[in-house]
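The values are calculated or read from the model by the stated rules, or taken from the named source; none is laboratory data. Quick caveat: nothing in here was measured; it's all calculated off a predicted structure. Every residue, glycine among them, receives a Cβ derived from its backbone with ideal geometry; neighbour counts consider all protein chains shown. Note: accessible area is taken over every heavy atom of the protein model, side chains too, but ligands, DNA and RNA are not part of it. Shrake-Rupley method; radii C 1.70, N 1.55, O 1.52, S 1.80 Å.
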Amino acid sequence: MWFGRLTIPGMTFPQTDRTKLRRLPKRGHFDRETVYGILDEGFICHVGFVSGGQPVVIPTGYARLDDKLYIHGSQASRMLKTLSGGVDACVTVTIIDGLVLARSAFHHSMNYRSVVVFGRATLIEDREEKIAALLALSEHIIRGRWNDVREPTEQELRATTVLSLPLVEASAKIRTGPPLDDEEDYALPVWAGVVPLKLEAGEPIPDPRLSAEIRVPEYARNYRRF
Ligand SMILES: Cc1cc2nc3c(=O)[nH]c(=O)nc-3n(C[C@H](O)[C@H](O)[C@H](O)COP(=O)(O)OP(=O)(O)OC[C@H]3O[C@@H](n4cnc5c(N)ncnc54)[C@H](O)[C@@H]3O)c2cc1C
């Protein structure tokens, strides 16, 4: 079963004191279509929060369902225990599209698409919502996998914490295109342009304990994000 991810075109995130872009605001985007497009292509976020007075940023997997971002992990995780206490969090997602090589050191840049989300997460206690979130996480990272594998047992479900973060305060920032050099530098005899970068799956490596009759599924053989 696949739970559809609803995007409402035209609906924008309000710009708040926290999400208002200060540098190069023209690269900012607040429409849900753009923000959700980036969230749906990425699958690793960095979760920032303060734990016992100490700022911490932890990388983790995520999925989006409608207007919520889901993260999960062990019940023992400090990140999940702290966040379920209702503390302020800041979550970022970054997709790198290229290295931008300018004629001067100063104007080098990167082409990227990134999102910053602020909010407070809540613990998912409802069993059905928890399973739907776990399914969404699995499908978001590798679509088709959930149907092939053993479902979580009750004990495994209890050992897993799932949190949802409402998508109400978010911004996207995007850079595309060639380098932007100072006019006088365009005459310099230096190569300039973009080195495109993308995430690419390699050849799947079978588990050494895999039975020889089991074929590589299509979603692993031809894994791609988009
Ligand atoms: C690509 C990726 C995907 C992940 N997906 C998930 C997920 O879906 N769910 C999940 O629960 N965890 C995930 N993790 C692991 C996550 O980053 C934490 O390590 C994990 O949540 C354990 O937290 P903890 O409470 O034990 O760590 P903490 O007790 O919070 O960590 C203590 C200290 O350990 C170090 N540390 C912890 N994690 C890392 C790390 N990843 N890299 C370097 N140092 C670290 C830091 O110094 C930190 O201050 C993922 C990590 C990566 C890199």
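Between Arg113, Arg103, Arg23, Arg27, which is more than 16 Å from the ligand (Cβ to nearest atom), under 13 Å from the mean Cα position of the chain (by Cα) and open to solvent by 20 Å² or more (accessible area, probe 1.4 Å)?
On the way: Arg103 fails: under 13 Å from the mean Cα position of the chain (by Cα); Arg23 fails: under 13 Å from the mean Cα position of the chain (by Cα); Arg27 fails: under 13 Å from the mean Cα position of the chain (by Cα).
Result: Arg113 is the single residue among Arg113, Arg103, Arg23, Arg27 that is more than 16 Å from the ligand (Cβ to nearest atom), under 13 Å from the mean Cα position of the chain (by Cα) and open to solvent by 20 Å² or more (accessible area, probe 1.4 Å).
What residue, of Gly85, Gly48, Gly42, is modelled with pLDDT of 95 or more and under 19 Å from Thr161 (Cα atoms)?
Values: Gly85 fails: modelled with pLDDT of 95 or more; Gly42 fails: under 19 Å from Thr161 (Cα atoms).
Result of the check over Gly85, Gly48, Gly42: Gly48.
Give the residue that is farthest from the ligand (Cβ to nearest atom), with candidates limited to residues of the range 61-86 that are in a loop (DSSP other than H, G, I, E, B) and in contact with a Ser or Thr (Cβ under 8 Å, 6 or more places away or on another chain). Working first, answer last.
Kept after step one, since they are in a loop (DSSP other than H, G, I, E, B), are these residues of the range 61-86: 62, 66-67, 75-77, 85-86.
Those still in the list that are in contact with a Ser or Thr (Cβ under 8 Å, 6 or more places away or on another chain) too: 75, 77, 86.
Working: Gln75: 10, Ser77: 4, Gly86: 18 Å.
Only one residue fits best here, namely Gly86.
Residues of the range 10-54 being assigned to a loop (DSSP other than H, G, I, E, B) and under 30 Å from Glu200 (Cβ atoms), which ones?
Initially, the range 10-54 is screened for residues assigned to a loop (DSSP other than H, G, I, E, B), giving 10-11, 13-24, 30, 42-43, 52-53.
Hits for the range 10-54 are Leu24, Gly42, Phe43.
Is it fair to say Thr94 is polar (S, T, N, Q), open to solvent by less than 60 Å² (accessible area, probe 1.4 Å) and part of a strand (DSSP E or B)? Step through it out loud before you land on a result.
Working: polar (S, T, N, Q): yes; open to solvent by less than 60 Å² (accessible area, probe 1.4 Å): no; part of a strand (DSSP E or B): yes.
Answer is no for this residue.
Anything in the range 169-217 that is open to solvent by 90 Å² or more (accessible area, probe 1.4 Å) and under 30 Å from Asp67 (Cα atoms)? List them, or say none.
Thr176, Lys198, Leu199, Glu200, listed by residue number.
Any idea which of Ile95, Ile58 is over 26 Å from Glu125 (Cβ atoms), under 17 Å from the mean Cα position of the chain (by Cα) and within 16 Å of the ligand (Cβ to nearest atom)?
Values: Ile58 fails: over 26 Å from Glu125 (Cβ atoms).
Sole residue among the options that is over 26 Å from Glu125 (Cβ atoms), under 17 Å from the mean Cα position of the chain (by Cα) and within 16 Å of the ligand (Cβ to nearest atom): Ile95.
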